[in-house]
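All remarks here apply to the structure that follows.
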Amino acid sequence: MPQEVSAELRRLVERWRQLPLTDAESRLPLVRRLIDDLAAETAPQAGPVPDLGPAAVPDQLAVLVHDRCDSTDPGDLGRRLALLRSQL
């Protein structure tokens, strides 16, 4: 995994874990959008990623980011993670 992507993933997860539950719930659709996009980019045949709630987001995101980096060129993934973090 490129350093930029790894660093942005870590920052995003840290930010997510700092959010009060009500804020995390209200921002969940933003994160779910990226989760669904990453899933479609890496394994479109697998279908949608189940919504397991705010507590599962860091793990789901980490798995999908790792999968994306392993399967294809990460491209602008670091920028996408930084943008999402800025929206939280």
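The values are calculated or read from the model by the stated rules, or taken from the named source; none is laboratory data. Just so it is clear, the structure is predicted and the values come from calculations on it, not from any experiment. Neighbour counts are summed over all protein chains in view; Cβ atoms, including those assigned to glycine, are modelled from backbone coordinates with ideal geometry. Surface accessibility is based on the protein's heavy atoms, side chains included, excluding ligands, DNA and RNA. Shrake-Rupley method; radii C 1.70, N 1.55, O 1.52, S 1.80 Å.
Data table
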{"quantity": "From 11, 17, 27, residue being assigned to a helix (DSSP H, G or I), of a type outside the set (A, V, I, L, M), in contact (Cβ under 8 Å) with a residue 24 or more places away in the chain and surrounded by 15 or more Cβ atoms within 10 Å (Cβ to Cβ)", "calculated": "27"}
{"quantity": "So residue 49, is it within 12 Å of residue 12 (Cα to Cα) and touching a residue at least 12 places away in the same chain (Cβ under 8 Å)", "calculated": "no"}
{"quantity": "Matching residues, segment 52-65, being in a helix (DSSP H, G or I) and without any contact (Cβ under 8 Å) to a residue 60 or more places away in the chain", "calculated": "54, 55, 56, 57, 58, 59, 60, 61, 62, 63, 64"}
{"quantity": "Members of segment 49-81 that are within 10 Å of the chain's Cα centre (by Cα) and open to solvent by less than 80 Å² (accessible area, probe 1.4 Å)", "calculated": "57, 58, 60, 61, 62, 64, 65, 77, 80, 81"}
{"quantity": "From the options 49, 5, residue that is assigned to a helix (DSSP H, G or I) and either touching a Lys or Arg at 6+ places or on another chain (Cβ under 9 Å) or closer than 15 Å to residue 87 by Cβ (or both)", "calculated": "5"}
{"quantity": "Check on residue 46, at pLDDT below 95 and surrounded by 11 or more Cβ atoms within 10 Å (Cβ to Cβ)", "calculated": "no"}
{"quantity": "Residue check, residue 68 at pLDDT 95 or above and assigned to a helix (DSSP H, G or I)", "calculated": "no"}
